[in-house]
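Input: a single structure, listed below in structure tokens.
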Amino acid sequence: MSGRDLSRRFYERAVRPLVSGVPHAAALLGEGSEVLGFDDEISADHDFGPRVQLFVPPGFDGFPVVYPDSDRHGGRPHHQVEVTTAQAFFVDRIGVDPADGMKLTDWLLAPTQILASLTGGVVLHDPLDLLTTRRRALAWYPDDIWRYVLAASWLRVSQEEPFVSRTGGRGDDLGSRMLVARVARDLVRIGFLLERRWAPYGKWLTAAFAQLTLADQIGEPLHHALRATRWREREAALCAAASHLAAATNRLGLAEPVDPAPRRFHSRDIHVLGGERLTRALTDAISDPPLRTLLTRLGHRPDGPLGHLPGAIDQATDSVEILTQPIRRRDYAPALGLRA
């Protein structure tokens, strides 16, 4: 039985009868493989069982519904039925209440793996729209932030794509293999951005990627790039995958189209897509004043250097200790060029 089905049955049969007539929302959101629907028989070996969250209004008859109780749950196990407010639940995970609106800083400090867990779970009951309103606010980036994050992704690709062949040409096969895996991961994450899907954390990244439409086009070249025993084959396969994604970027109409054909890296006998060309096109199309200010602060010039574009928090770091802690993410804001 999947965790989602178990949660639904738990709510319908055991929890809902207890709160009949009480205004609330119910869901299975947040942490856990079952939230994304990727749990299997192995998942049940720890932290797995009937689980649901109940979301209630923040107050009743002038009293807060959440308050300290020193006599209960003193470290002992208790029912996995969370009773909280929707506001507190979302603030605890992304640092802000999306019902109040998401600012540039809020978006760039929200890891896609957290956004996936908040928008991809199953809502069991929400007559007051406590969850629907917040999940709708987190559905996807505003267009200019989308452009910026996508531009930063293509810049990441451009910074390492030539090294796959450079290391291979010097006989460093291990280095070439490690680099092709790094670039392939960045291309996979671009696929999520192009299809307006929040990428989950590493364990389920490729499982979720397989559900994307683009996976049919770039899955095989990525497999080939990772399996190839010769660096020239890796180079060709990686270029093929990147070209498909560049063409898909053009089809979005977010920026002026860029020739998706691979090209030489300067005068060397190395072929790359040249991902920085998409970075330039996408940043040129950004008009949002706060984002233009951020680009300038990062050293970006319309007719000059691209600047240092770290993008969103999970493009700048993959540290679990940072990505899973809103307070630590907020401390990391200066590294993204953001100001409090």
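Read-outs: derived from the displayed coordinates by stated rules, not from any lab. Just so it is clear, the model here is predicted, and its values are computed rather than measured. Neighbour counts run over all protein chains shown; Cβ positions are idealised from the backbone, glycine included.
How charged is the neighbourhood of F10? Take every other residue with its Cβ under 11 Å from the Cβ of F10, and add Lys/Arg as +1 and Asp/Glu as -1.
Local charge sum for F10: +4.
Share of antiparallel DSSP beta bridges in the chain, in percent to the nearest 5?
Roughly 70 percent of the beta bridges in the chain run antiparallel, per DSSP.
Taking K and R as +1 and D and E as -1, what net charge do the other residues with C-beta under 11 Å from the C-beta of D129 add up to?
Values: positive: R134, R135, R136; negative: D126.
Here the count lands on +2.
What is the order of V149, V272, fewest Cβ neighbours within 10 Å to most?
V149, V272
I need to check one value: relative contact order of the chain, counting alpha carbon pairs closer than 8 Å and at least 6 residues apart, in percent.
Once divided by the residue count of the chain, the mean separation gives 17 percent.
Taking only DSSP H segments of four or more residues, each worth -39500 (n - 2.57), what value at 222 nm results for the chain once the sum is divided by all its residues, to the nearest 500 deg cm²/dmol?
Dividing the helical sum by the residues of the chain leaves -13500 deg cm²/dmol.
Taking K and R as +1 and D and E as -1, what net charge do the other residues with C-beta under 15 Å from the C-beta of N250 add up to?
Within the 15 Å Cβ shell, the charges total 0.
Taking +1 at the Cβ of each Lys and Arg and -1 at the Cβ of each Asp and Glu, which of W146, F60, Q325 sits farthest along the dipole of the chain towards its positive end, judged by Cα position relative to the Cα centre?
The Cα lying farthest towards the positive end belongs to W146.
In whole Å, how far is the Cα centre of the stretch 90-107 from that of the stretch 111-149?
10
Cut-off 11 Å, label point 7 angstrom out along Cα-to-Cβ of V83: give me the residues of the stretch 17-53 whose amide nitrogen falls inside.
Inside the label zone: 19.
If R₀ is 22 angstrom, what is the calculated FRET efficiency for the pair S2 and H223, using the beta carbon separation as r and rounding to 0.05? Intermediate results must be reported in sequence, preceding the final value.
On the way: r = 28 Å, r/R0 = 1.25.
FRET efficiency, S2 to H223: 0.20.
Out of R13, R251, R185, any idea which swings most in a Gaussian network model of the chain, alpha carbons joined below 10 Å?
Most flexible of the set in this elastic network: R13.
Give the order of D216, D106 when sorted by the count of other beta carbons within 10 angstrom, beginning with the fewest.
D216, D106
I need the calculated FRET efficiency for the pair D45 and A207, taking r as the beta carbon distance and R₀ as 25 Å, to the nearest 0.05.
E between D45 and A207, to the nearest 0.05, is 0.85.
Assign unit charges at the C-beta atoms only (+1 for Lys and Arg, -1 for Asp and Glu), then state the dipole size of the chain relative to its Cα centre in Debye, rounded to the nearest 20.
So the magnitude is around 780 debye.
Given [x] 20.9, 78; [y] 20.8, 70; [z] 22.6, 74 as candidate values of Rg and Dmax of the Cα atoms in Å, which corresponds to the one derived from the coordinates?
Among [x] 20.9, 78; [y] 20.8, 70; [z] 22.6, 74, the one calculated here is [z].
So if R0 is 41 Å, what FRET efficiency would E31 and R297 give, r being the distance between their Cβ atoms, rounded to the nearest 0.05? Could you put the intermediate results ahead of the total?
Working: r = 34 Å, r/R0 = 0.83.
Step by step, r from the Cβ atoms, then E = 0.75.
Which residue fluctuates most in the GNM of the chain (Cα springs below 10 Å): E321, E256, E161?
Among E321, E256, E161, the largest mean-square fluctuation in the Gaussian network model of the chain belongs to E321.
Arranged by the count of other C-beta atoms within 10 angstrom, fewest first, what order do M1, M178 take?
Lowest count first: M1, M178.
Would you mind telling me which residue in T249, T84, T293 has the biggest mean-square fluctuation in a Gaussian network model of the chain, where springs connect alpha carbons within a distance under 10 angstrom?
T293
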